[in-house]
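First up is the structure itself, then whatever we jot down about it.
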Amino acid sequence: MSKMWEPQNGRCGMVEKTRQLRILVTVVSGGMLWQSQSLMDRLGGGFRYSWVTALDDYRTIQGRFPDRNVEVMPFPSSTGLVTARQKLLAPVFSLWRAAGLVYRLRPDAIVSLGTCLAIPLFFWGRLCGAKTVFIESITRVTQLSMTGRIVLGLRLADRFYVQWPDLAGKYRRTVYRGSVL
């Protein structure tokens, strides 16, 4: 819990008030959704979560978690974006959308479990002082994903976790602490 100070009933004295830490989590459908849900279960309910997903996965995520406010961020994909122009412009739009999301939601931390949404969100999160945590998918046994290599190479993550001990030995600045599952 972080500490904030606020006036005490209009008096000059100050009272300590705690607030829940805000965590922005990227989620996509399929196996990574299961891994993300497992991670949130392990972290517990002491945080205020916001979820971000790609446009292709919005209906799946919203249908599975109707009580959650799920933000949508455009990102190039083979199913949702069909023209070459859209594929070229999508990263620009996602970078712009990520700036708006980070500014509006003001997360204390951004957590991504192997999704490409991490790149624009981590970029703006780092600029705004949010901690960034990238967790490579458990399906990555012998090498990092393209997103993982970009995040690691650009040093966009404060912490970079892998779920296999061999990967931690293969890539510098990665940490193995076991499986998220």
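The values are calculated or read from the model by the stated rules, or taken from the named source; none is laboratory data. All values derive from a computational prediction rather than experimental measurement. Cβ sites come from the backbone with ideal geometry, for glycine too, and all protein chains shown count toward neighbours.
What the table below lists for this structure:
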quantity	calculated
Members of segment 1-50 that are in a loop (DSSP other than H, G, I, E, B), modelled with pLDDT under 70 and of a type in the set (A, V, I, L, M, F, W, C)	Met1
Within segment 141-169, tally of residues that are loosely packed, with under 15 Cβ neighbours inside 10 Å, within 29 Å of Pro91 (Cα to Cα) and not aliphatic (A, V, I, L, M)	5
Residues being over 12 Å from Val52 (Cα atoms) and among the small types (Gly, Ala, Ser) - total across segment 89-135	8
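Rundown of residues vs (1) of a type in the set (Gly, Ala, Ser); (2) modelled with pLDDT under 90, yes/no style:
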| position | (1), (2) |
| --- | --- |
| Phe65 | no, yes |
| Ser77 | yes, yes |
| Val92 | no, yes |
| Arg104 | no, no |
| Thr115 | no, yes |
| Ala130 | yes, no |
| Phe134 | no, no |
| Thr139 | no, yes |
| Val162 | no, no |
